[in-house]
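See below for the structure under consideration.
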Amino acid sequence: MKKYFSLVMALLMSAGFAFAADLSNPDLLAQGFDDSNNTGATFDAASKTLTFDGAWTGMRWLFYGDEDALATDYQSFTIEIEPVDFWTEAIISDYRAGGPGVIQTVGIPAGESTATVDISPATQIAFQGGDGATSVKIVAAYLTPKAGGGGESTSPIIMDFSGITQEDNAPKQQGWKQVAPIMDKVAEAKYFVIETEGVGDNKDGFGGIDFIVQGGDGVNPNLGWTQIGLINSGWLSYPREDGKTISIVIDLQKALGSKYDSFIQCTSWAQLFIQYYPADASGLATAFEGLGFKQAYLTGDFAKPEGAVDLTGGTDFGFIFDGSVTNLGTTGIHQINAPVSKAYGVVGGIVVNAANENVSIYGIDGKIVKQVVGASSQTIDLAKGLYIVKVGTANAVKVVVR
């Protein structure tokens, strides 16, 4: 079995073709394929039907000149099709001089309908059919933006929790209540970080922590007491000592999973709790004391430091590392000067700060909800919910519509 399409693609790229998809419009299906150097397929935009010229032929989107920007702004590519009785696949490749060629291939078996490919710096995304390929209707093909963008090792702090009322629910449970008014900040963030300092109650092992959320407004969405699962379950050893700072970094969306959308939309009240399982609960006043708690804050993406240990709780959803990436004060809600957002939520819609720019709005599942071409500063009406919004070339942001 030979995949002729990939081979011909490499030859064509070496010939210097430089057509490029428009990165400001993540709806690649709406753009159509780059067919200037077609290698054996045709696409009918009206019916959204791709017709293959035999096995291992197909079409593609090119990103020459935008290879690195593609990876900076977007986290994945998804293609959805009406199921067919033959194999199809999405391929991401880098055919620059010295590039690795094919980076990743994700197949759609016969009878199935979706493939998602992680984004890397790449010159093209291709879609092709396997043995017996005839034609297929493409339902959607889109790039999913990174939430918050970036990748810096010291991402700005979006806010800390020092000005939010703390609550002791039980000796081993402690956290923050009434955080719903700052849900836009929670949505904007990628990580919830707990910083500890010193031994706390358990010097020789980190112990187990449950990350718990609760909140609602009396109507849907309403989220009851939800335990996310033991972080470092099984008492994974992570030694502490006096004077040593340890940061516990929790990826909010991964940790909350299907509960994330409901939690973000809480409009009346909400709580974040840490439930600590110490080696010896006797004499323990609070969970914070048991952890040697120092501070907690919300931040965007940052690279995992060298030596960090993955958190475990059924799935990996964060990491622990020695040290700190910031030194917050102890009073007030500390917000480092971050750029003014290009979009923010209001009751019944999203306000965009735009100057003749394309606006793309996605649901939390990554599917496009609405697009506006050449938008000015305006309010876009939308139903209550959580959205990912990209305005022009700015990084995508998560926005809550109330």
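The values are calculated or read from the model by the stated rules, or taken from the named source; none is laboratory data. Fair warning: this is a prediction, and the values are worked out from it, not measured in the lab. Note: ideal-geometry Cβ built from the backbone for every residue, glycine included; neighbour counts use all protein chains shown.
Applying the selection to the range 170-188, what residues are assigned to a helix (DSSP H, G or I) and not acidic (D, E)? Answer for the range 170-188, where residues must be assigned to a helix (DSSP H, G or I) and not acidic (D, E): A180, P181, I182, M183, K185, V186, A187.
Just the residues that are aliphatic (A, V, I, L, M) and either modelled with pLDDT under 60 or under 13 Å from Y238 (Cβ atoms) (or both), please, taken from the range 312-327. Talk me through it step by step, then tell me what you get.
Quick first cut of the range 312-327, residues aliphatic (A, V, I, L, M) only: 320, 325.
Listed by number, the list holds a single entry, I320.
Which members of the range 359-385 meet the condition of being under 18 Å from P145 (Cα atoms), of a type in the set (A, V, I, L, M) and over 13 Å from the mean Cα position of the chain (by Cα)? Scanning the range 359-385 gives V359, I361, I368, V369, V372, V373.
Before we move on, is A126 touching a Lys or Arg at 6+ places or on another chain (Cβ under 6 Å), at pLDDT 85 or above, assigned by TED's automatic domain parsing to the domain that holds G54 and within 23 Å of W87 (Cβ to Cβ)?
Working: touching a Lys or Arg at 6+ places or on another chain (Cβ under 6 Å): yes; at pLDDT 85 or above: yes; assigned by TED's automatic domain parsing to the domain that holds G54: yes; within 23 Å of W87 (Cβ to Cβ): yes.
Yes: the conditions hold for A126.
Considering (1) closer than 25 Å to V391 by Cβ; (2) buried (at least 17 other Cβ atoms within 10 Å of the Cβ), the lone condition that R60 does not fulfil carries the number (1).
Among the residues of the range 190-199, the ones that are assigned to a loop (DSSP other than H, G, I, E, B) and surrounded by fewer than 23 Cβ atoms within 10 Å (Cβ to Cβ) come to 2 in all.
Of all residues in the range 89-141, exactly one satisfies the criterion of being polar (S, T, N, Q), touching a helix residue (DSSP H, G or I) at 6+ places or on another chain (Cβ under 6 Å) and not in a loop (DSSP other than H, G, I, E, B), namely Q128. Applying the criterion of at least 1 residues that are surrounded by 14 or more Cβ atoms within 10 Å (Cβ to Cβ) and acidic (D, E) to the strands (runs of 3 or more DSSP E) found wholly in the range 348-402 leaves 349-363.
Could you tell me whether the range 148-159 includes any residue that is among the polar types (S, T, N, Q), modelled with pLDDT of 80 or more and more than 30 Å from G111 (Cα to Cα)?
Residues of the range 148-159 among the polar types (S, T, N, Q): 153-155.
Narrowing further to those that are modelled with pLDDT of 80 or more: none.
No, the range 148-159 has no match at all.
Could you please let me know if S47 is modelled with pLDDT of 90 or more, surrounded by fewer than 16 Cβ atoms within 10 Å (Cβ to Cβ) and not in a helix (DSSP H, G or I)? Let's see the steps before the verdict.
Numbers: modelled with pLDDT of 90 or more: yes; surrounded by fewer than 16 Cβ atoms within 10 Å (Cβ to Cβ): yes; not in a helix (DSSP H, G or I): yes.
So S47 fits the description; yes.
Selection within the range 166-187: residues that are within 15 Å of D210 (Cβ to Cβ) and touching a Gly at 6+ places or on another chain (Cβ under 8 Å). The member of this set that is surrounded by the fewest Cβ atoms within 10 Å (Cβ to Cβ) is N169.
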